[in-house]
Amino acid sequence: MSTTPEFILVNAQYDKHIALIQLNRPKELNALNLQLMGELRDALKQLDVDDEVRCIILTGNEKAFAAGADIKQMAGKTAIDMLNIDQFTTWDSIKKTKKPIIAAVSGFALGGGCELCMTCDMIIASETAKFGQPEIKIGVTPGAGGTQRLTRVVGKALAMEMVLTGKFIGAEEALRAGLINRVVPVELYMNEALKLAKEIAALSPVAVKLAKESVINAFNSSLDEGLQFERKNFYLLFASEDQKEGMNAFVEKRPAQFSGK
Ligand code: CAA
């Protein structure tokens with residue numbers, strides 16, 4: 001039995017083939033408590049098997065994408081509490097989402113908030129976005145991938161500085177560092193994310209899914225393993241109607257209509 005989520009808003013039909021999830025704890029700057037993360041995991045699981053949905057946008061509000069894991073919820077916990085709760089297993093499930101997720105980020109994307117947008121596949125940011133891993137300032141380290149994903153994306157020098165000092169970087173610096181895809185004025189960041197989502201939603205969903213899988217695999221495999229994996233996904237797509245449609249449409253000089261089959 002599914003219940004209405006309390007801390008996120010989900011619109012499975014935000015636009016044609018595009019779903020929107022909005023983190024919705026504005027007073028707490030969308031601090032990611034356990035319930036919110038559970039709701040997010042469940043929503044993504046549902047959207048991932050919804051045939052109508054081809055791309056998902058994840059956003060917060062203008063002031064905050066998310067200011068991190070909920071410090072108030074964690075403050076009094078013991079190590080054994082943390083082991084038993086094992087909050088980051090929720091993140092493992094989010095990471096398994098097969099459809100592309102675009103993070104539309106404005107304002108703070110800190111700690112778990114920065115880690116959450118790095119778990120997404122692309123990031124569109126407003127000029128006001130601030131990214132950071134400030135956990136060191138509260139006596140801990142990133143725990144949901146910050147030391148790993150950030151380092152792989154921006155390199156050791158900047159990752160070390162951000163993780164060891166907790167300094168924030170603005171959207172322009174994040175763009176230069178390769179952390180995000182685009183920076184736009186604050187009034188345009190949702191439009192820009194939608195534009196990108198529409199572009200992806202018009203393509204073959206089965207090819208998009210396997211393309212995402214192959215790119216993610218680049219982080220988890222040697223070059224040779226990754227190349228083999230990519231090759232098998234390429235061959236596999238010749239079992240799809242979308243491959244026939246895409247290639248025939250090219251030959252016949254007409255726009256392709258992809259069905260996801
Ligand atoms: N957890 C819980 N509550 C939070 C929060 C968080 N991560 N971030 C903000 N809030 C709450 C504040 O406590 C405040 O609540 P009250 O009104 O009840 O006091 C409300 O949101 C508004 O915040 P501020 O008054 O602090 O707003 P500000 O504009 O002055 O400052 C900020 C904004 C710089 C983001 C500041 O709130 C801040 O530093 N937040 C914490 C950032 C942080 O350390 N994040 C990492 C968390 S640990 C983590 O994420 C671990 C991991 O790897 C998963």
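Of all accessible surface on segment 67-166 at a 1.4 Å probe, what whole percent is carbon and sulfur? Kindly include the intermediate steps, with their values, before the conclusion.
Numbers: 2660 of 4550 Å².
With neighbouring chains kept in place, the figure for segment 67-166 is 59 percent.
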Is segment 8-201 rounded, prolate or oblate when judged by the Cα gyration tensor, a ≥ b ≥ c being the square roots of its eigenvalues, rounded requiring a/c under 1.5 and prolate requiring a/b larger than b/c?
oblate
May I ask you to list the lysines whose Cα is less than 22 Å away from that of K77, ignoring any residue fewer than eight positions away on the same chain?
K137
Checking V140, V49, V184 against a Gaussian network model of the chain (alpha-carbon springs below 10 Å), the top fluctuating residue turns out to be V140
Under the Karplus curve 6.51 cos²θ - 1.76 cosθ + 1.60, θ = phi - 60°, whole-Hz ³J(HN,Hα) for segment 15-22, x wherever Gly or Pro sits
8, 4, 6, 10, 10, 10, 10, 10
Which angle from 0 to 90°, rounded to the nearest 10, does the C-alpha axis of helix 34-48 make with the longest principal axis of the chain?
0 degrees
Helix 223-236 sits off the longest principal axis of the Cα atoms of the chain, rounded to the nearest 10 on a 0 to 90 degree scale, by 40 degrees
Using each residue's phi in segment 56-71, evaluate 6.51 cos²θ - 1.76 cosθ + 1.60 at θ = phi - 60° and report the 3J(HN,Hα) Karplus result to the nearest Hz, with x for Gly and Pro.
10, 9, 10, 9, x, 9, 4, 7, 8, 6, 6, 8, x, 4, 6, 5
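Using the heavy atoms of the protein chains alone and a 1.4 angstrom probe, what is the accessible area of segment 205-252 per residue in square angstrom?
Numbers: 3410 Å² over 48 residues.
That works out to 71 Å² per residue.
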For K253, counting only aspartates and glutamates whose alpha-carbon sits under 13 Å away and dropping same-chain residues fewer than eight positions off, the answer is E245
To the nearest 10 Å², what's R182's accessible area with a 1.4 Å probe?
80 Å²
Give the peptides 66-78, 232-244, 32-44 in descending order of average Cβ contacts within 10 Å, highest first.
32-44, 66-78, 232-244
Reachable lysines, given that their alpha-carbon falls under 16 Å from the alpha-carbon of K96 and they are not under 8 places away in the same chain:
K45, K209, K212
With the chain treated as a Gaussian network of Cα nodes joined by springs under 10 Å, which of K156, K209, K130 yields the largest mean-square fluctuation?
K156
Could you work out how far the C-alpha centroid of segment 1-80 sits from that of segment 174-234, in angstrom?
21 Å
Helix 189-201 sits at what angle to the longest principal axis of the chain, using alpha carbons and giving 0 to 90 degrees rounded to 10?
40 degrees
Quick one: which residues, 5+ away or cross-chain, put their amide H under 5 Å from the amide H of I57? H built at 1.01 Å from N.
A19, L20, I21, I102
Share, in percent, of DSSP beta bridges within the chain that are antiparallel, nearest 5:
25 percent
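The values are calculated or read from the model by the stated rules, or taken from the named source; none is laboratory data. Every value quoted in this text rests on a predicted model; they were computed, and no experiment measured them. All Cβ positions, even for glycine, are placed from backbone atoms using ideal geometry, and neighbour counts span all protein chains on display. These accessible areas exclude ligands, DNA and RNA; they are computed on the full protein's heavy atoms, side chains included. Shrake-Rupley method; radii C 1.70, N 1.55, O 1.52, S 1.80 Å.
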